[in-house]
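J.: Pasting a structure here, questions to come.
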Amino acid sequence: MKYLTSRFLLIPVLAMVLTVSAPAVGTALACPMCKAANEEDDAKPRAYMYSILFMLTVPATIVSGVTFSLFKMNRNEAEALREAGLADDPTDGESDDELNS
């Protein structure tokens with residue numbers, strides 16, 4: 001159980017480290033045509049850029065929603081099994097000190 005908890009904590013910590021360190025990386029260079037189009041005062045290239053960002057957020061939102069829903073269903077099912085007495089309590093035989101370390 002301790003191994004799974006540390007493994008699940010590794011992913012958010014790694015994501016946070018990458019997010020915090022992202023500004024340290026230099027700005028990405030666009031292809032020459034995109035760079036030239038963005039330097040103009042035309043709104044079309046900027047609108048195109050924003051439309052791409054919005055299109056990328058849709059799959060991320062769907063995947064995040066499905067993942068969160070599955071996590072909640074699993075958690076609720078485990079709680080229902082524990083209340084019905086059909087599942088072992090993962091804290092049986094362990095003290096609070098062992099769980100927190």
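J.: Can LYS72 be described as at pLDDT 85 or above, in a helix (DSSP H, G or I) and either of a type outside the set (A, V, I, L, M) or loosely packed, with under 10 Cβ neighbours inside 10 Å (or both)?
T.: Yes: the conditions hold for LYS72.
J.: Something else: If GLY65 passes every condition in (1) over 26 Å from the mean Cα position of the chain (by Cα); (2) at pLDDT 85 or above but one, which one does it miss?
T.: (1)
The values are calculated or read from the model by the stated rules, or taken from the named source; none is laboratory data. Worth saying up front: this structure is predicted, and the values here are computed from it rather than measured. No Cβ is skipped: glycine too gets one built from the backbone with ideal geometry, and neighbour counts run over all protein chains shown.
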